[in-house]
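Take a look at the structure below.
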Amino acid sequence: MILVFGSTGQVATELAGVAGSRRLLCLGRAQADLSDPAACAAAIMHHRPRAVINAAAYTAVDRAETEEPLAHTINARAPAAMAQACARAGVPFLHVSTDYVFGGQGTTPHLPGAPTAPLNAYGRTKLAGEEGIRAAGGAHMILRTSWVFSAHGGNFVITMLRLSQTRDALSVVDDQIGGPTPASGIADALLRISDAMLDGHHGGTHHYTGAPDASWADFARETFAQAGKTVSVTGISTAQYPTPAPRPLNSRLDCASLKDSFDISQPSWRGALTDVLKALT
């Protein structure tokens with residue numbers, strides 16, 4: 001059995017859909033609240049899984065600027081406690097992290113071992129989580145991703161579709177570049193990696209994003225085109241759209257090591273978008 005922290009988020013929802021013959025036990029907030037790290041560790045010791053996937057996180061990027069202690073507990077202390085419990089139990093721990101651990105300078109895709117320099121509270125808490133997981137000393141996999149979308153929860157695609165109901169023109173940031181990533185792809189990658197780690201693979205830190213890289217404005221235009229919405233998109237700079245939490249301009253992630261280590265390729269985000277829009281209609 002694979003124990004999953006999270007049950008209603010984008011990745012956790014998709015995990016249940018792509019599990020196949022694997023048995024998953026998904027714990028929601030009522031069963032394991034990440035604001036109580038000790039309870040999360042206790043759940044691992046109680047259920048005695050073969051592997052653990054943490055698909056839960058504090059993801060309210062702007063709100064984290066004023067709730068950093070809570071975000072730190074959920075994104076850093078809880079994953080560290082999970083990783084410590086997994087190390088004691090001798091089972092692999094898989095964790096989803098983010099492009100926001102990087103400062104976003106330049107235009108070159110960030111390698112997994114590139115220097116980190118988060119610009120905001122959310123990024124700082126996610127980086128602290130990574131550090132706590134590595135310090136636990138057990139078999140682990142940190143999978144960094146970016147710009148997650150699906151037919152579930154709150155994400156950019158659903159927001160654009162909602163806005164298209166009342167707007168025929170939008171201004172969208174076009175100087176932040178990254179890889180829109182389907183949650184279904186992340187879920188499939190996590191399960192394939194867990195299989196490999198149960199067979200003895202060492203894990204590590206790797207990147208997984210959709211391809212090709214695009215701007216938010218590109219992403220919006222493709223969403224409207226595929227959905228048959230007549231909405232004009234004007235590209236604007238990040239400076240013209242200020243937010244409480246600074247965003248990195250370069251969210252490109254180099255995913256070559258994941259292909260080399262696990263034979264997992266980057267998905268086409270445009271193809272995945274087609275599937276998501278079908279699911280929403």
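Tabulated data
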quantity: Members of the stretch 216-259 that are within 17 Å of the chain's Cα centre (by Cα) and either free of Cβ contacts under 8 Å to residues at least 60 places away in the same chain or part of a loop (DSSP other than H, G, I, E, B) (or both); calculated: Arg247, Pro248, Ser251, Arg252, Asp254, Cys255
quantity: Per-region count, the stretch 173-207, residues in contact with a Phe, Trp or Tyr (Cβ under 8 Å, 6 or more places away or on another chain) and either of a type outside the set (A, V, I, L, M) or assigned to a strand (DSSP E or B) (or both); calculated: 12
quantity: Leu170 over 30 Å from Gly20 (Cα atoms), out of contact with any Lys or Arg (no Cβ under 9 Å at 6 or more places or on another chain), modelled with pLDDT of 95 or more and in a helix (DSSP H, G or I); calculated: no
quantity: Test: residue in the stretch 47-67 that is more than 12 Å from Lys126 (Cα to Cα) and touching a Gly at 6+ places or on another chain (Cβ under 6 Å); calculated: yes
quantity: Residues of the stretch 216-262 that turn out to be under 22 Å from Asp275 (Cβ atoms) and of a type in the set (Phe, Trp, Tyr), as a count; calculated: 3
quantity: When residues of the stretch 183-240 are limited to those that are surrounded by fewer than 16 Cβ atoms within 10 Å (Cβ to Cβ) and on the phi > 0 side of the Ramachandran plot, the one modelled with the highest pLDDT; calculated: Gly228
quantity: Residues satisfying the stated conditions in the stretch 269-281, i.e. touching a helix residue (DSSP H, G or I) at 6+ places or on another chain (Cβ under 9 Å) and either surrounded by 14 or more Cβ atoms within 10 Å (Cβ to Cβ) or in contact (Cβ under 8 Å) with a residue 24 or more places away in the chain (or both); calculated: Trp269, Arg270, Ala272, Leu273, Thr274, Asp275, Val276, Leu277, Leu280
quantity: Long-range neighbours under 8 Å by Cβ, at least six apart or interchain, first residue more than 19 Å from Gln10 (Cβ to Cβ) and touching a residue at least 60 places away in the same chain (Cβ under 8 Å) within the stretch 28-50, second aliphatic (A, V, I, L, M) and in a helix (DSSP H, G or I); calculated: Arg50/Leu198
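The values are calculated or read from the model by the stated rules, or taken from the named source; none is laboratory data. Bear in mind that the values here come from a model prediction, so they are computed numbers and not experimental data. As a convention, Cβ positions derive from the backbone with ideal geometry for all residues, glycine included, and neighbour counts pool all protein chains shown.
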